[in-house]
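Just below is one structure, and these are the notes that go with it.
Since every read-out is calculated from the coordinates, none of them should be taken as a lab result. If you're wondering where the values come from, they're calculated on a predicted model, not measured in any experiment. When we count neighbours, we look across all protein chains shown, and the Cβ atoms used for this are built from the backbone with ideal geometry, even at glycine.
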Amino acid sequence: MSDNLSVLGKARAAYQPKLPSALQNGALKVAVHRGAATESVSDQEKIKSLFPGTYGAPVASFTSACGCSCTSESKPLRVGVVLSGGQAPGGHNVIAGIFDGIQSMSPDSALFGFLGGPSGLENGKYIQIDAKLMDAYRNTGGFDIIQSGRTKLETTAQFDSCIKVANELKLDAIIIIGGDDSNTNAAVLGEYFQAKGASCIVCGCPKTIDGDLKNEYVETSFGFDTAVKTYSELIGNIMRDANSAQKYWHFIKLMGRSASHIGLEAALQTHPNICLISEEVKDKQMKLSQVIKHVADIVAERAENGKNFGVALIPEGLLEFIPDVGVLIAELSEAIAHHETEVEGLSTAAKVEKICSWISAESAAVLNSLPAGIQAQLMLDRDSHGNVQVSLIETEKLIIEMVSKELKSRANFKGKFAALNHFFGYEGRCAAPSNFDADYCYSLGYAASVLANNKMNGYMSSIRNLTKGIENWSAGGVPITMMMNIERRHGADKPVIQKALVELDGAPFKYFAAHRDTWAKTESYTYPGPIQYWGPSEVCDATNFTIMLERGAM
Ligand code: FBP
């Protein structure tokens, strides 16, 4: 065991994650039950034509095999694993689940970790993960065992390199641990492998702290639980400070590229005075000026009651959901994709001038109305999947600046508005996994080893019934094409896994909406405190409000 481990780290390393009953007797003793053929969520014909080999595969469920007739033959399995995209607590436990799953098939099984994300697979940069290395990372946060990366595998040359690497290593399967974009990559790669007659299959595991990779079969993405619990602890600490000093407003931006699940869950855990939900802003077609007025109204009402302090939560993806700003961002992405070289190296002012000639007059007006700092941040390069790098946009500062201006313009505002800004993102992405994430991730990895053993190409590992206690968790696999639709990315139509946004008629949002007016006026703050690993089960093994409310478990 590494000397670098803290006292807690050493004790935590000994934790044995739990498995659903279907997986408890080893990966060989699993019976696979296949359901009916499936369809993608929309754009069926287009997606079918793009995935002729893997489209329509059935949903699969696993049970513990009753006897020899259901039990696969024991043979060593050779598996490669990739950590893709942003870090999420529990990634190491997914790898541990895969490792233990293939070891349960044969001690001669081998696990290779591709270094630095998908580029490690493309370039054949890998390490073999043995028992000693694996043991040093069990139940730890981070992706540092093999690191992660955001390279998008999209060209035929890249796919051919991957096949070459898979052949050289004689791999039976590649497991890509990632979010919606990375699992889309897994499906595309699996389809290509199949078309080329490669014997290696590709499957995925649902990761992202953002919580937006979910549907009927994927109840939550791993890492969400731990990340939000970590942020909620910090928010609770700030609330106590705000309520003690009673002189600052704290504006806290929370990570989550697009959907507001993190902000909503943090609100349910801590009861802030304000929490903006991007999906609601979009639904109500609120302009930036209306969002600012809404925030200023709450600040003003509290000030009238002598409360010149409070806590506001801002979702990272907010700007894209404000209709006029969203259109601007989409047009900017398209313009940048088509004129990349023409704006390279220009100053912000020169870039704005050039770009304004390629976008609509309305968007040009919105762009010109923003402070220069935000303009520059909006025009930064997109990531390899064509997304705006929203974590680099300082929305919390923009809101403070504009609310301050709005309050100054109100003759009847007699309060004080001293605001501090915070951004919680990286503070939670690599936290040591909660018991829930430790168990969930280990189970996802173990189930992925069953997918690999059964040559289930283009599937995502799926663990369900998550609010019912681990003894009732069910394991299986879902065809990735089933979750896809067509979206505009990088100036082109692409098949991608449909993002799950906050549903305004869903139970988590309804609960929030029913309480937020009281939370706005009062200090109903709750202080969740740090994640606990030992103690009463209701403290240590609890999941989160989102999944409990969504599944009718509270
Ligand atoms: P994934 O979708 O890859 O899981 O990443 C999510 C995320 O943590 C977002 O919340 C955030 O916007 C983004 O990554 C930041 O990524 P980076 O650190 O690479 O800029």
Inset, instruction - Return the long-range amide H neighbours of L370 (sequence gap of 5 or more, or a different chain), with a cut-off of under 5 Å between placed amide H atoms. - result: none
Legend entry - Distant-in-sequence amide H partners of S474 (H built 1.01 Å from N, under 5 Å): R464, N465
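Using alpha carbons only, what's the Rg to Rh ratio of the chain with Rh from Kirkwood?
With Rh from the inverse mean 1/r over Cα pairs, Rg/Rh is 0.99.
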Legend entry - Cα convex hull of region 403-500, projected area averaged across orientations, nm²: 12.7
Legend entry - Formal net charge of residues neighbouring L111 (Cβ-Cβ distance under 12 Å; K, R +1; D, E -1): -3
Inset, instruction - Enter the mean projected area of the convex hull around the alpha-carbon atoms of region 308-412, in nm², rounded to one decimal. - result: 7.9
Legend entry - Percent of beta bridges antiparallel (DSSP, the chain, rounded to nearest 5): 40
Legend entry - Ellipticity estimate at 222 nm from DSSP helix runs (n ≥ 4, -39,500 (n - 2.57)) divided over the chain, nearest 500: -13000 deg cm²/dmol
Legend entry - Summed residue charge, Cβ within 13 Å of H490's Cβ, Lys/Arg positive, Asp/Glu negative: -3
Legend entry - Estimated translational D of region 146-262 in µm²/s (Stokes, Kirkwood radius over Cα pairs; 37 °C; 0.692 mPa s): 193
Inset, instruction - Compute the relative contact order of the chain as a whole-number percentage, counting only Cα pairs closer than 8 Å that sit 6 or more residues apart in sequence. - result: 23
Inset, instruction - May I ask you to evaluate 6.51 cos²θ - 1.76 cosθ + 1.60, the Karplus curve with θ = phi - 60°, for each residue of region 9-18 and list the ³J(HN,Hα) values in order in whole Hz, giving x for glycine and proline? - result: x, 5, 5, 5, 4, 7, 5, 9, x, 8
Inset, instruction - Name the long-range amide H neighbours of C275: under 5 Å, sequence gap of 5 or more, or other chain; modelled H, no Pro or chain starts. - result: L313
Legend entry - Principal semi-axes in Å for region 305-356 [√(5λ), Cα gyration tensor, largest first]: 34, 14, 9
Legend entry - Table column - 3J(HN,Hα) (Hz), region 90-102, Karplus curve with 6.51, -1.76, 1.60, x for Gly and Pro: x, x, 5, 6, 4, 5, 4, x, 5, 4, 5, x, 6
Legend entry - Quotient of Cα Rg and 2.2 N^0.38 Å for region 261-323, N being how many residues it contains: 1.15
Legend entry - In order through region 165-178: 3J(HN,Hα) via Karplus (6.51 cos²θ - 1.76 cosθ + 1.60), integer Hz, x for Gly, Pro: 5, 4, 5, 4, 8, 6, 7, 8, 7, 10, 10, 9, 9, x
Inset, instruction - For region 1-139, give the share of DSSP beta bridges that are antiparallel, in percent and rounded to the nearest 5; count only bridges with both residues there. - result: 65
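Over region 127-252, what is the mean sequence separation of C-alpha contacts under 8 Å (at least six apart), divided by residue count, expressed as relative contact order in percent? Intermediate results must be reported in sequence, preceding the final value.
On the way: 108 pairs, mean separation 19.9, N = 126.
In percent, rounded to a whole number, it is 16.
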Inset, instruction - Provide the three semi-axes, in whole Å and in decreasing order, of the ellipsoid equivalent to region 485-554 as defined by the square roots of 5 times the Cα gyration tensor eigenvalues. - result: 33, 20, 13
